[in-house]
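Each remark here refers to the structure printed beneath this line.
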Amino acid sequence: MEPFSKIKDVTVHIHLDPEAKPVFQPMRRVLVVLEEAVNRKLRELMDRDIIEEKKEPVSWVSPLVVVGKMNDEPRICLDLRRFNEAVLRDRHPMPLIEDLLARVGPNMLRSKLDVKDSFLQIELDEASRNVMVFLTGRGLYRFKRMPFGLVTAPEIFQKTMDEILCGCEGTWWYIDDIYIEGKNKDEYETRVAKVG
């Protein structure tokens, strides 16, 4: 299985309040009927370079949460509520939907692109990986990529997209949704190619 794609030359650090006390939360039990599927998903996430085993001592541990999906494939999430209390927010400005809608031009060709598993495309630095640890029946693992549920993830991703797409005419974005438009086929295709 190929490693999951990542945004080139982007590595983020999760800033924590230095006064915050690390929290080691106990493991949540996985239903017996889901164990095999969860173990298969953990192997897949390791094969795709999203998580890795953690063997050294840790300070922060968040519980694993298994969320069912329509296709019976479990989604591996972390309950980061306690951890998020210690995160120092980036406070990057987020666009307002009203401002984005005001940019929509009449009689334009347009597309909407969605960045698949967007947050997972951002790599964490070593220190941040060491606080993105979770406990399973098979031991400790840590995220190498930015997980869903991290309070500052939308701001980090928006900032990353702002840096990548700045200067792309006829293009605007909100977190992982990218809108591209052009007055005619040539202009539209040129803009799509620039974003792609």
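Among all residue pairs at least 6 apart or on different chains, which show Cβ distances below 7 Å where the first residue, located in segment 102-125, is within 30 Å of L78 (Cα to Cα) and the second is among the acidic types (D, E) and surrounded by 12 or more Cβ atoms within 10 Å (Cβ to Cβ)?
Correct list of pairs: K112/D177; D114/D176; D114/D177; V115/D176; S118/D176.
Name the residues in segment 129-162 that are β-branched (V, I, T), in a loop (DSSP other than H, G, I, E, B) and open to solvent by 10 Å² or more (accessible area, probe 1.4 Å), would you?
V131, V151
Is it the case, given these coordinates, that V23 is at pLDDT below 90, open to solvent by less than 90 Å² (accessible area, probe 1.4 Å) and over 23 Å from D117 (Cα atoms)?
Considered against the rule, which asks whether it is at pLDDT below 90, open to solvent by less than 90 Å² (accessible area, probe 1.4 Å) and over 23 Å from D117 (Cα atoms), V23 comes out as no.
Would you confirm whether or not segment 40-49 contains a residue that is at positive phi and either part of a loop (DSSP other than H, G, I, E, B) or open to solvent by 80 Å² or more (accessible area, probe 1.4 Å) (or both)?
yes
Output the residue which, of all residues in segment 108-126 that are out of contact with any Phe, Trp or Tyr (no Cβ under 8 Å at 6 or more places or on another chain) and at pLDDT 95 or above, is most open to solvent (accessible area, probe 1.4 Å).
E126
List pairs: first residue in segment 35-52 and among the acidic types (D, E), second residue part of a helix (DSSP H, G or I) and surrounded by 15 or more Cβ atoms within 10 Å (Cβ to Cβ) anywhere in the structure, Cβ distance under 7 angstrom, at least six positions apart or on different chains.
E52/M46
The values are calculated or read from the model by the stated rules, or taken from the named source; none is laboratory data. Quick caveat, the model's predicted, so the values are computed rather than measured. When we count neighbours, we look across all protein chains shown, and the Cβ atoms used for this are built from the backbone with ideal geometry, even at glycine. Each accessible area value is taken on the protein alone, full model and side chains, heavy atoms only, with ligands, DNA and RNA left out. Shrake-Rupley method; radii C 1.70, N 1.55, O 1.52, S 1.80 Å.
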